[in-house]
Each structure stands twice: as C-alpha cells, then as structure tokens.
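Notes for the one structure printed next.
Laboratory data are not the source of any read-out in this text; all were calculated from the coordinates shown. All figures in this text were calculated on a predicted structure; none of them were measured in a lab. For neighbour counting, all protein chains shown are included, and Cβ atoms are generated from backbone atoms with ideal geometry for every residue, glycine included.
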Amino acid sequence: MPATNHALPLDRDLAAAGIGLVASPTEAAKAAEALLRRRYRWADAAGAQTLVALGGDGFMLSTLHDMLE
C-alpha cells in the first residue's frame, strides 16, 4: 500500500527516516495498519531501512528474516 499523506508535518513523515510498515493478514493487524497509514507517511517496505511489523511473534520473525536476506 503506497504512502499517500504527502502534506503531513515532519514528525509524521516516517518515510523521510526510512521507516516502513508491514502487517500480517489478521483482522487486528490490518485494522491497526489502516489507522497508522492514515496518521503517518511510511516508506515503501521494499526500500525501508527499518520496518514496523504489526502481527504476532511469528510474523515479526518472518519479517526480520526477509529483511536480512
């Protein structure tokens, strides 16, 4: 999901800091992702230096593994 909040204050522009957002396919994670995407501008996950992973421990570990490859 691309970042769309281009007129946000700098403290809400996490893309500038290279921070991306990913979410597991669970209902709770997707709801939290939608809320956070409305509030903040995120870097594209593929190019991010840091990722915020929303989900359980398994999803977080899978995300970490994917970033290290």
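Structural remarks
- Taking a point 7 Å out from the Cα of Ala16 in the direction of its Cβ, the residues of the range 22-61 whose backbone N falls within less than 20 Å of it are 36-45, 47-52.
- Sequentially through the range 34-39, phi angles give Karplus couplings (6.51, -1.76, 1.60; θ = phi - 60°) of 4, 4, 5, 5, 6, 8 Hz, Gly and Pro residues having no value and appearing as x.
- Given the alternatives (i) 1.11; (ii) 0.97; (iii) 1.08, Rg/Rh (Cα atoms, Kirkwood Rh) as computed for this entry is given by (ii).
- Of all the options Leu21, Leu51, Leu36, the one that moves most in a Gaussian network model of the chain with Cα springs shorter than 10 angstrom is Leu36.
- GNM on the chain, alpha-carbon springs under 10 angstrom: the most fluctuating residue among Ala46, Ala31, Ala23 is Ala46.
- Helix axis angle, 57-68 relative to the chain longest principal axis, alpha carbon, degrees: 70 degrees
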